[in-house]
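The values are calculated or read from the model by the stated rules, or taken from the named source; none is laboratory data. From a predicted model like this one, the values you see are computed outputs, not experimental measurements. Ideal geometry is used to build each Cβ from the backbone, glycine not excepted, and the neighbour counts take in all protein chains shown.
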Amino acid sequence: MTAPVVPVDLADLHVHPALPWAGTLWRRYVQGFRPASLETRGHPHRSPSDAAAPSLRVHGAVFYETYLLRPEAARRRLFRSLESFRGRLEAREGNRLILAAADLDPARLAAGGGEAFFLAVESMRFLRDPADVGRLWDRGVRSLQPIHFLDTRWGGSSREGMLPESRTGLTGLGREMLAEMARLGLILDLAHMSLKNAEECLAAYPGPVMCSHAGFQGIKVNARNVTADLAREIFRRRGLVGVTCWRHLLGQDPSRAKREKGPDPLRAAWTRSYCATVAALAALAPEARVAVGSDRGAPIRAPAWFYTPAHLEEMTACLAGYGWEPARIRGFFRDHALEFLTRSLPA
């Protein structure tokens with residue numbers, strides 16, 4: 001008897017179903033997807049093939065709170081947001097929450113449509129002590145990104161490449177946090193960290209690691225992007241690097257291609273820039289595992305058409321131009337993420 005085919009057409013490591021400011025308006029009218037389903041729709045670039053609804057998509061649903069709040073107020077709102085989203089998700093037919101490897105079993109994924117989500121938190125700024133890590137775990141969080149825009153008591157930030165990169169590495173409190181994460185089995189997400197902090201976290205953390213949404217320093221020099229050595233170490237640990245669609249991190253700004261010929265030169269240039277980053281990261285090591293980490297839902301330029309079925313086809317053709325076989329392309333869009341989560345989540 002053959003195993004059922006997993007109907008996932010996209011696994012995205014990093015999306016934001018909720019934002020602390022104007023999030024609903026941004027998602028609906030700028031990026032074109034709604035919080036309830038995170039699906040893209042209603043964009044002028046939409047073509048007939050865009051209308052083919054995927055049978056299932058897997059998302060890393062990421063939560064953080066605004067820096068305008070004091071940490072204690074942000075902490076309370078963070079826990080409330082997680083509980084509210086989980087409640088809405090479990091009440092919505094066809095969607096499901098990923099808590100353990102068994103939730104990614106092909107038979108379970110093949111049983112019906114909808115979307116599947118694993119919960120993640122971006123920034124430990126809001127948390128009081130390592131005991132809060134356990135409280136997040138109890139609410140269904142399975143991935144934790146300790147650093148965001150600024151340094152915290154846990155460690156140093158890349159500061160987005162907009163300010164000088166932090167020289168702060170992993171602090172004593174950060175090591176306590178990592179120990180609690182390792183005890184529970186959380187995935188450590190290195191995104192937004194200073195290089196020093198990321199290297200020290202990799203040395204200290206024995207559990208699963210990834211960098212969920214970034215670009216590549218070999219394509220675009222920016223402190224937010226992973227270096228070749230950092231990416232190779234993540235790959236050696238059987239981790240993932242997720243590639244964001246934020247064009248600020250993707251090399252030459254596609255907006256400079258407006259004079260190119262064609263029906264949509266910006267879209268074509270953006271596609272080439274994105275696929276060049278994917279291909280360059282994948283070429284770093286035989287064991288390289290690169291995945292989608294869009295950062296959709298955040299206030300970045302992530303157009304509604306970027307992960308529609310029609311544009312997935314365009315990106316497939318672009319990656320095929322690098323000599324990629326269909327299995328390798330499917331690996332980028334879904335299989336690498338599913339394999340990593342199956343290995344990393346509790347049995």
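One residue stands out in the stretch 168-186 among those that are of a type in the set (Gly, Ala, Ser) and more than 29 Å from Ser84 (Cα to Cα): the one that is modelled with the lowest pLDDT, namely Gly169.
The combined condition, being in contact with a strand residue (DSSP E or B) (Cβ under 9 Å, 6 or more places away or on another chain), at pLDDT below 85 and of a type outside the set (Gly, Ala, Ser), is fulfilled by Glu165. Considering only residues in the stretch 126-157 that are in a loop (DSSP other than H, G, I, E, B) and within 18 Å of Ala298 (Cα to Cα), the one that is modelled with the highest pLDDT turns out to be Pro146. Each residue in the stretch 77-109 was checked for being modelled with pLDDT under 80 and surrounded by fewer than 16 Cβ atoms within 10 Å (Cβ to Cβ), and 8 pass. Checking Arg125, Arg135 one by one, the residue that is surrounded by fewer than 24 Cβ atoms within 10 Å (Cβ to Cβ), charged (D, E, K, R) and within 20 Å of the chain's Cα centre (by Cα) is Arg125 and no other.
For the stretch 201-218, which residues satisfy the criterion of being in contact with a His (Cβ under 8 Å, 6 or more places away or on another chain) and of a type in the set (Ser, Thr, Tyr)? Across the stretch 201-218, the qualifying residue is only Ser212.
Name the single residue that is surrounded by the fewest Cβ atoms within 10 Å (Cβ to Cβ) among those in the stretch 192-209 being aliphatic (A, V, I, L, M) and in contact with a Lys or Arg (Cβ under 8 Å, 6 or more places away or on another chain). The selected residue is Ala204.
In the stretch 322-342, the residue that is surrounded by the most Cβ atoms within 10 Å (Cβ to Cβ) out of those that are touching a residue at least 40 places away in the same chain (Cβ under 8 Å) and farther than 30 Å from Leu186 by Cα is Trp324. The set of residues from the stretch 249-277 being modelled with pLDDT under 80 and of a type in the set (S, T, N, Q) comprises Gln252, Ser255.
Once the stretch 313-347 is narrowed to residues that are in a helix (DSSP H, G or I), touching a strand residue (DSSP E or B) at 6+ places or on another chain (Cβ under 7 Å) and of a type outside the set (Gly, Ala, Ser), the residue that is nearest to Ala283 (Cα to Cα) is Phe332. The residue pairs whose first member lies in the stretch 64-81 and is free of Cβ contacts under 8 Å to residues at least 60 places away in the same chain and of a type in the set (S, T, N, Q), whose second member is outside any helix (DSSP H, G or I) and crowded, with 17+ Cβ neighbours inside 10 Å, and whose beta carbons are closer than 7 Å, counting only pairs six or more residues apart or on different chains, are Thr66/Pro20.
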